[in-house]
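Scroll down for the structure; my scribbles are underneath it.
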Amino acid sequence: MAAFAELGLASWLVAQCKQLGLKHPTPVQQNCIPAILEGRDCMGCAKTGSGKTAAFVLPILQKLSEDPFGIFCLVITPTRELAYQIAEQFRVLGKPLGLKDCIIVGGMDMVAQALELSRKPHVVIATPGRLADHLRSSSTFSIKKIRFLVMDEADRLLEQGCTDFTQDLEVIFDAAPARRQTLLFSATLTETLKVLRGIASNKPFFWEAQAEVRTVEQLDQRYLLVPEKVKDAYLVQLIQTFHDEHEDWSIIIFTNTCKSCQVLNMMLRKFNFPSVALHSMMKQKARFAALAKFKSSVYRILIATDVASRGLDIPTVQVVINHNTPGLPKIYIHRVGRTARAGRHGIAITLVTQYDIHLLHAIEEEIKKKLDDFSVEEAKVLKILTQVNVVRRECEIKLEATDFDEKKEINKRKQLILEGKDPDLEAKRKAELAKIRQKNKQFKERVMQTLQRRAALKLKRKRQKRKKQQQEQQQQQQQQQQKQKQKQQKQKQKQKQKQKQRQQKQQQQQLLLRAKGKK
Ligand SMILES: Nc1ncnc2c1ncn2[C@@H]1O[C@H](COP(=O)(O)OP(=O)(O)OP(=O)(O)O)[C@@H](O)[C@H]1O
């Protein structure tokens with residue numbers, strides 16, 4: 001196994017790795033670090049928990065130490081929590097440099113951030129929306145001279161999912177210099193490769209871990225088939241079992257909406273489980289506090305939306321439970337990747353209802369592995385079923401009383417105001433946009449219908465033409481056959497006539513002969 005020193009890293013960085021307990025580079029580090037040090041753009045695709053962060057942090061720190069200035073590097077990442085985590089890695093590994101970093105994420109004070117940016121930090125770690133806001137509104141800093149642009153979880157940044165980063169990324173790319181090193185990393189890059197190659201246009205070095213299965217070996221992956229209506233009773237029983245058997249285990253439960261996250265947290269707390277929620281409707285400070293308490297094991301259970309599904313590195317997590325089957329296999333890959341990291345073991349259990357079987361199959365197909373069945377004691381589930389359902393309903397009612405949905409709307413409006421937009425105008429614009437989209441959709445549908453009709457008509461005409469041709473051919477054949485028949489009949493008649501004439505001639509000759517004989 002190679003050592004960090006063999007990758008071309010300076011001795012102070014090798015010593016830093018050693019101090020942190022990083023003895024040997026992981027494959028993604030072994031392959032990408034030399035290419036980055038050579039000055040190449042790099043795209044690294046490796047499984048979750050395989051050390052992709054250090055694969056870009058180490059060579060960047062080395063280059064920074066050779067020519068330190070600010071702003072030297074910009075790292076873009078999709079979530080706020082991840083930005084803090086990456087900053088921590090820069091800080092720890094770059095301590096001997098006296099590294100100055102700056103985190104630019106939403107939900108935090110913009111003025112303080114602008115001040116920090118103006119002090120020219122070496123490394124800026126940002127979420128796209130907030131950084132783009134600063135670039136739009138401030139002239140106190142510039143990213144025109146950055147040497148490195150890193151996109152962590154690069155495929156997520158390009159996706160147009162519930163949060164669409166494309167407009168903000170355009171602002172950032174416009175402000176960044178064309179001559180730079182671009183580094184793109186994720187556990188699921190392949191679907192977006194083409195677009196990413198356009199971003200890392202400088203003949204990027206591409207490295208992908210070769211493996212049949214797309215999830216880590218040390219991860220025990222299970223599914224639990226549950227009827228939709230009794231899902232929560234199964235969840236409670238599942239947690240109870242883990243809690244009884246391994247009191248020191250940390251569990252992350254992923255769910256699909258902020259509301260569901262909130263309700264589940266309230267419900268689990270009613271059952272005295274040490275749980276805490278993390279979702280995008282929480283205030284940023286509460287989000288950080290929840291994560292910090294979970295990381296330090298004050299709470300052993302984290303209930304989160306997909307805001308926590310990518311990148312978070314919490315070594316104590318032994319169990320991931322998917323309360324809903326992820327709709328996309330790649331979401332599954334990132335969610336279950338929160339456990340079994342850096343060679344550790346872990347278990348992931350996905351609750352699958354009667355409506356989700358096809359999703360399970362899609363996941364198995366993508367990760368190239370069949371999930372094993374997980375069983376819980378049904379009798380125990382039955383025992384708590386009514387109680388769980390009642391508690392859940394109570395929690396839902398309680399949450400409704402707090403105007404959770406209204407708050408969501410208010411949060412959206414607040415966000416728009418912070419972005420300098422008029423919420424009413426935005427709503428109007430949105431409605432108009434929806435109208436235009438609807439019109440476009442209808443137009444497209446009409447075009448499609450017309451095209452389909454035309455195609456059908458063309459086909460019909462083609463068929464009719466072919467039929468006509470066939471009929472004509474048949475007619476011609478019949479006519480030919482008839483002609484031939486007539487010809488044959490004529491020939492027969494002629495032959496008959498000739499024969500008759502021959503017979504008549506013979507008879508006449510015989511009569512003549514007989515007449516001669518009498519004479
Ligand atoms: N060479 C190494 N040896 C041992 N542990 C390492 C090494 N490099 C990184 N690690 C540790 O592995 C863990 C996972 O690293 P990291 O968070 O970078 O993974 P990742 O590949 O980015 O995962 P994800 O795809 O989930 O974001 C971290 O705790 C990190 O300290």
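The values are calculated or read from the model by the stated rules, or taken from the named source; none is laboratory data. Predicted model only: the values in this text are computed from it and were never measured. Ideal geometry is used to build each Cβ from the backbone, glycine not excepted, and the neighbour counts take in all protein chains shown. Surface accessibility is based on the protein's heavy atoms, side chains included, excluding ligands, DNA and RNA. Shrake-Rupley method; radii C 1.70, N 1.55, O 1.52, S 1.80 Å.
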### Query
Considering amide H positions built from the backbone, and no H for Pro or chain starts, which residues 5 or more places from Ile303, or on another chain, come under 5 Å of its amide H?
Ile253, Val276, Ala277, Leu278
#### Entry: Rounded, prolate or oblate (a/c below 1.5 giving rounded, otherwise prolate when a/b exceeds b/c) for segment 219-371 by Cα gyration tensor
rounded
### Query
Assigning unit charges at the beta carbon (Lys, Arg +1; Asp, Glu -1) and nothing else, what dipole magnitude in debye, to the nearest 20, does segment 27-92 show about its Cα centre?
200 debye
### Summary
Share of accessible surface on carbon and sulfur in segment 4-208, whole %, 1.4 Å probe and ligands ignored, is 51 percent
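Determine the shape class of segment 4-208: with a ≥ b ≥ c the square roots of the Cα gyration tensor eigenvalues, call it rounded for a/c under 1.5, and otherwise prolate if a/b is greater than b/c, oblate otherwise.
Values: a/c = 1.62, a/b = 1.21, b/c = 1.34.
It comes out oblate by the Cα gyration axes.
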### Query
Distance in nm between label sites at Gln495 and Lys229, each 7 Å beyond Cα in the beta-carbon direction?
8.9 nm
### Added length on full extension, which subtracts the Cα-Cα distance from 0.36 nm per residue, Lys465 to Asn440
5.4 nm
### Task
Calculate how steeply helix 80-93 sits against the longest principal axis of the alpha-carbon atoms of the chain, using the helix alpha-carbon long axis, and give the answer as 0 to 90 degrees to the nearest 10.
60 degrees
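Just the accessible area per residue of segment 4-208, please: how many Å² with a 1.4 Å probe? Walk me through the numbers on the way to the answer.
Numbers: 8560 Å² over 205 residues.
Per residue, segment 4-208 has an accessible area of 42 Å².
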## Note on the structure
Non-local residues with an amide H under 5 Å from the amide H of Val75, with H modelled 1.01 Å from N and Pro and chain starts lacking one, are Val124, Ile125, Ala126, Val150
### Query
Along the charge dipole of segment 446-518, which of Gln476, Leu512, Gln488 sits closest to the positive end, that is, farthest toward it, with unit charges on the beta carbon of Lys, Arg, Asp and Glu (+1, +1, -1, -1)?
Gln476
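With a probe of 1.4 Å, find how much accessible area segment 219-402 has per residue, and write the answer as a whole number in Å². Mind dumping the intermediate values first?
Values: 8010 Å² over 184 residues.
Value returned for segment 219-402: 44 Å² of accessible area per residue.
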### Query
How much accessible surface does Met281 have with a 1.4 Å probe, in Å² rounded to 10?
30 Å²
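Keeping all protein chains in place and using 1.4 angstrom, which order do Glu247, Glu378, Glu81 fall into by accessible surface area, from largest down?
Details: Glu247 140, Glu378 110, Glu81 5 Å².
These residues rank, largest area first, as Glu247, Glu378, Glu81.
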### Using alpha-carbon coordinates, inclination of helix 27-37 to the longest axis of the chain, degrees
80 degrees
### Query
Taking 0.36 nm per intervening residue step and subtracting the Cα-Cα distance, what contour gain separates Lys369 from Glu66 on full extension?
104.6 nm
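In segment 219-402, carbon and sulfur make up what percent of the accessible area (probe 1.4 Å)?
Numbers: 4260 of 8010 Å².
The computed percentage sits at 53.
Charges at C-beta only: +1 for Lys and Arg, -1 for Asp and Glu. How large is the resulting dipole of the chain about its Cα centre, in Debye rounded to 20? Provide the component values of the computation, followed by the final result.
Numbers: 91 positive and 54 negative charges, 1658 e Å.
Using Cβ point charges on Lys, Arg, Asp and Glu, the chain gives about 7960 debye.
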### Message
Given R₀ = 25 Å, what would the calculated FRET efficiency be for Tyr355 paired with Ala211, taking r from the Cβ atoms and rounding to 0.05?
### Response
0.20
### Query
Which whole-Hz ³J(HN,Hα) couplings does segment 315-332 yield from phi under the Karplus relation 6.51 cos²θ - 1.76 cosθ + 1.60, θ = phi - 60°, glycine and proline marked x?
x, 6, 6, 9, 10, 10, 10, 8, 5, 10, 6, x, x, 10, x, 6, 5, 4
### Message
Restricting to DSSP loop positions (anything but H, G, I, E, B) with no more than 14 other Cβ atoms inside 10 Å of their own Cβ, which GluC sites (Glu not before Pro) remain in segment 176-228?
### Response
Glu212, Glu217
### Amide proton proximity set for Asp220, modelled H, under 5 Å, gap of 5+
Gly346, Ile347, Ala348
### Task
Between Arg197 and Ala427, with labels modelled 7 Å along Cα→Cβ, what's the label distance in nm to one decimal, could you check?
4.6 nm
### Summary
Using alpha carbon centers only, segment 34-75 is separated from segment 200-230 by a whole-angstrom value of 24 Å
### Task
Count the net charge of all other residues whose Cβ sits under 10 Å from the Cβ of Gly107, scoring Lys and Arg as +1 and Asp and Glu as -1.
+4
### Query
So, in nm, how far is label Gln240 from label Lys145 when the simple model puts each one 7 Å beyond its Cα toward the Cβ?
6.4 nm
### Task
Could you pull out every one of the lysines with an alpha carbon less than 23 Å from that of Lys500, ignoring same-chain neighbours closer than 8 positions?
Lys485, Lys487, Lys490, Lys492
